[in-house]
Each structure stands twice: as structure tokens, then as C-alpha cells.
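See structure below.
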Amino acid sequence: MTINRRTFLKYSAAGAGALSLSGFAAPALATGEIMPKSGPRVVVIGGGWGGATAAKYIRMQDPGIEVLMIESEPVFRSCPISNWVIGGLKTMADITVGYDALASRHGVKVIQDTVVAIEPDRSRVRTGAGAIAYDRLIVSPGISMIYDEIEGLEGNVGVFPAAWKAGAETQQLRDELQAMADGGTVVLSVPLGPYRCPPGPYERISLIADYLRRNKPRSKIVVLDANQKIVSKGKLFKAAWDAYYGDIIDYRPDNKVIGVDPTTKTLMTDFDEVRADVANVIPPQRANDLLAPSGLRPGGKRWAPVDPWTYESTVHGGIHITGDSTDAATVGGVPKSGFMANSMGKVAAAAAVALLGGGAPARPSMANTCYSLVSAEEGISVTAVYDWDDESGKMAGIKGAKGLSPGRSNLVARNADDWAKAIWSDMLG
Ligand SMILES: Cc1cc2nc3c(=O)[nH]c(=O)nc-3n(C[C@H](O)[C@H](O)[C@H](O)COP(=O)(O)OP(=O)(O)OC[C@H]3O[C@@H](n4cnc5c(N)ncnc54)[C@H](O)[C@@H]3O)c2cc1C
């Protein structure tokens, strides 16, 4: 059952009413609590890569545990493959999946609402409708953008969309590219790492360049990269850019965007000012701002520290954090990817089930492959498998089980498409 806000309120009221007959509702209502617990319960915040995976895998491992997944959006929209929408190879419909199977096949209670606070001392979360208690909590709300690090950006994101969460901005960027005249300039800025999906900006640059090459050959894309060089799969991207987009991509490393002017659609670095016809500013990022008030993201830190054996927060017990919000340094230098978040969701689910049953969580292992298209036909990839490392007390890449694709190929591009469909089904099917 997928529960929207109106049904949720009705459902909560019905639940409270039923319980009031047996005499248990009054204390719950007095504390503002809705949907009182009747058995072991895990609440999951966020139905993205980490959260949806964890919700499904808890129910698969122990159907006796009630799982409530609270997600702001009515459907899942995938960031992986969203660059393909911007390049015109897929549509938003192709990267959208409903939550119906999670509810009907696995009994996850999917609640469409926004969590506004986490209260670790009372083991509950708060939405606009009231407080919901948990025995264990899994937090996977992704990232927040740090808009105010770029002067002039706050309040003007409509002029400089990031499209770094798949949705309306993804379609906006696609529409703007289509509307741009031949001879126009696209400007894309890359923030300093760590940010969500290290190779993501470079795949986007490739697909925009490919679109321009085929449809608007007098146009170009200027890349203002805050990093010293391409952050991921650098040689493979560079080789493709040299082969296909020599005149189209103007790549400028070590060029951090520090300000924007919305009236002239101009991006400023320490050295330069570049005027855009289409501007794509990807701001610096941090763990979702929901985590800071409860201390899950400690003051002064950008990311949330976790114990990588269980993904339990090192600040508050009983709360597991997965996905991009986690501090990769505490996990073991892993990338902020959907595949990684899916792996973390499985580890956290197994740990939560074990701990709820009074058992010991099993030794974790994780895997990651990041595919990127370098043109409409060709892809590249990077893979790593991670195991527990006793010495560091973190996850470490297994030697011989990691590496880059030997070159770009159509086979890797097809694998990328197949991978996305398979992992969406693993999370949500
Ligand atoms: C352009 C692009 C391309 C990418 N390509 C790849 C790729 O090819 N392969 C790969 O592995 N990774 C890729 N990634 C990275 C991947 O998308 C992220 O690493 C992944 O989404 C992280 O998962 P998460 O669970 O942390 O967050 P998300 O998947 O973002 O999920 C967070 C969810 O929480 C919800 N939420 C947030 N706050 C609240 C709240 N307060 N209450 C309720 N719900 C809330 C959000 O609506 C969202 O659905 C790409 C990213 C981008 C931007």
C-alpha cells in the first residue's frame, strides 16, 4: 500500500482510534505520536538508492518487522541515467519507477511525507502530521546543495539549474539545450570533491557535447572545473573528448566558480567571467541538512560519520545512515554512488535485523560499478569490490577485484542500460 499525505492522516487517525478502544492511544496522542507501534519497527527516511534498498531487504529478511518508509516524492526518479535524458537518449518516464511493488510485494508501508526532525533521545521522527516512533532508524535522504558558497546563486537556481537530483531541473536543462540556437555556449561548473557521483559531471559534459556535435555543431560547452583534473576515469574521458569533441569542449581545470550574475547569465571564477546561453551550475554539497540539528552531521563537518560494519551513526546509537550522506572517510574512501548506496542499504538492513533480534551483525562486503557514457553509443566503467579490513577498521578495495574498462565500447554502453534496469528492480521490484 502506498500512502499519500491525505490517506496517511486518515490511516493515522484510524489507527489511533482503534487503539484508543484498547486504552493505549491516550499517552501516544498526548506526545503528538501517530501510527503507534504494535511490534518491532524500522523507520526509513528517504526512498532513494540507500533507503528503498534497506526497506525492501529488511522485509525480505524478516517479515515480522514493520517497515515504514517516509519519502517526500510520489515516485522514484533515478539520478543514474538522468544524464541520458539531458543528452536526449532517454525521457523522464524512462528513469521513473513507482513504489507500488515495494508496498504490494514486500509489505513496506510507503508514506509520502517529509521528515522535518529526527529525535534520537525519544527514538522518533517528526513529520508535519506528527511523531512516529521507531526501534531502529535508517536515514538515507541524500545531499543538500551549499548554494551560498557561490555568490549570487541562492534565489537564482532557476537560471543556473544543477539537475543534481533527478526531476524538474533535469527536464529544464534538456529543454534549454533544445531551445538554444546553433552557435550558443553551454557553461557547466564542477564543484570540488567530494560530491555526489564523481564521474557524473564528465558523463554529462560528454553527452551534451555529443548532442551539440550532432545537432548544433557551431556550439560549444565551456567546463569550469574546481578540481585540478577530471576526478574519475580521467584518461578514458579525455581520450573520448579528444577523439570526438576537440572543438566543442573547452575544458578549464582549477577554475572554481565563485559567483554568478543572473541578469547576464554569467559565471565568475578567480580568473575569468564566462557568459552562458545555457548554464548548469553544480554547487558544492554536504549531507542532507535534516541530519545537522540532531548532531548526526556534527557541527563543522560536511558528512555524517558512521561505523561501516553496521552503518550505525557514531554519534547516536540505533540510527543507521546510508548513501551519499555518509562520511566516506569513516567508511573507507568509497565513492558517493547509487551502487554504493544500494550496497550500504543491504549492509544496514542486515545489521538492523540482526540487532533487533538480539544477534550480531555479519561481516560486511560491498561492490560498486560506475558506468558513464562518453557518446550516444559508447561507455566506460570503473569497478571495485570492498571487504572489511581489520587493520583500519574500515572497508577496503580488494586487490585484483577493481579496475577500469580497457577502453570505450558499445558493449559497456549496453551494460550500463542493463545495469540500471536490474538495480532499479533490485531496489524497487
Ligand atoms: C547526474 C548523476 C548521475 C549519476 N550516475 C550514477 C551512476 O551511473 N551510477 C551510480 O551508482 N550512481 C550515480 N549517481 C549517484 C547516485 O544518484 C547517488 O549516489 C544516490 O542517489 C545516493 O543515494 P541516497 O540514498 O544517498 O540518496 P537519494 O537516492 O538521493 O535518495 C534520497 C531520497 O530521500 C528523499 N528525502 C530527502 N529528504 C527527505 C525528508 N526530509 N523526508 C523524506 N524524504 C526525504 C528524497 O526525495 C530522495 O528520494 C549519479 C548522480 C547524478 C546526480
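The values are calculated or read from the model by the stated rules, or taken from the named source; none is laboratory data. All of these numbers come straight from a predicted model, not from anything done at the bench. Virtual Cβ from ideal backbone geometry, glycine too; neighbours counted across all protein chains shown.
Restricting A243, A226 to those that are among the small types (G, A, S) and touching a residue at least 24 places away in the same chain (Cβ under 8 Å) reduces the list to A226. Within the stretch 253-306, if we keep just the residues that are acidic (D, E) and modelled with pLDDT of 95 or more, the residue that is surrounded by the fewest Cβ atoms within 10 Å (Cβ to Cβ) turns out to be E273. Residue count for the stretch 374-410 satisfying the condition of being more than 21 Å from G87 (Cα to Cα) and of a type outside the set (A, V, I, L, M, F, W, C): 17. None of D100, D121 is away from the ligand (no atom under 11 Å from the Cβ), free of Cβ contacts under 8 Å to residues at least 40 places away in the same chain, outside the structural domain of P199 (by TED's automatic domain parsing) and among the acidic types (D, E) except D121. Residues that are assigned to a loop (DSSP other than H, G, I, E, B) and away from the ligand (no atom under 16 Å from the Cβ) occur in the stretch 157-178; there is at least one. Just one of the numbered conditions (1) farther than 24 Å from T326 by Cβ; (2) touching a helix residue (DSSP H, G or I) at 6+ places or on another chain (Cβ under 8 Å); (3) crowded, with 20+ Cβ neighbours inside 10 Å; (4) of a type outside the set (A, V, I, L, M) is not true of D94: (3). The single residue among Y195, Y202, Y211 that is under 28 Å from V331 (Cβ atoms) and either assigned to a helix (DSSP H, G or I) or at pLDDT below 95 (or both) turns out to be Y202. The residue of the stretch 116-142 that is nearest to A304 (Cα to Cα), among those that are buried (at least 22 other Cβ atoms within 10 Å of the Cβ) and β-branched (V, I, T), is V139.
Looking only at residues in the stretch 62-97 that are polar (S, T, N, Q) and near the ligand (Cβ under 9 Å from one of its atoms), the one that is nearest to V42 (Cα to Cα) is S72. Looking only at residues in the stretch 340-349 that are touching a helix residue (DSSP H, G or I) at 6+ places or on another chain (Cβ under 7 Å) and of a type in the set (A, V, I, L, M, F, W, C), the one that is farthest from the ligand (Cβ to nearest atom) is A349. Residue count for the stretch 134-156 under the criterion of being in a strand (DSSP E or B), touching a Leu at 6+ places or on another chain (Cβ under 8 Å) and more than 16 Å from the ligand (Cβ to nearest atom): the result is 1.
Out of the residues in the stretch 382-418 meeting the condition of being among the hydrophobic types (A, V, I, L, M, F, W, C) and out of contact with any strand residue (DSSP E or B) (no Cβ under 6 Å at 6 or more places or on another chain), tell me which one is farthest from the ligand (Cβ to nearest atom). Out of the qualifying residues, it is W388. The residue of the stretch 73-91 that is farthest from N342 (Cα to Cα), among those that are surrounded by fewer than 16 Cβ atoms within 10 Å (Cβ to Cβ) and in contact with a strand residue (DSSP E or B) (Cβ under 7 Å, 6 or more places away or on another chain), is P74. One residue alone among L411, L404, L355 is assigned by TED's automatic domain parsing to the domain that holds G345 and of a type in the set (A, V, I, L, M, F, W, C), and that residue is L355. Listed by first and then second residue, the pairs with beta-carbon distance under 8 Å, at least 6 apart or on different chains, first residue in the stretch 314-341 and assigned by TED's automatic domain parsing to the domain that holds W164 and at pLDDT 95 or above, second buried (at least 24 other Cβ atoms within 10 Å of the Cβ) and part of a loop (DSSP other than H, G, I, E, B), form an empty list. Tell me which of these D247 doesn't satisfy, since it passes every other one: (1) at pLDDT 95 or above; (2) farther than 20 Å from W164 by Cβ. Of (1) at pLDDT 95 or above; (2) farther than 20 Å from W164 by Cβ, only one is false for D247: (1). Only a single criterion out of (1) in contact with an Asp or Glu (Cβ under 8 Å, 6 or more places away or on another chain); (2) not assigned by TED's automatic domain parsing to the domain that holds M35 is not satisfied by G158, namely (1).
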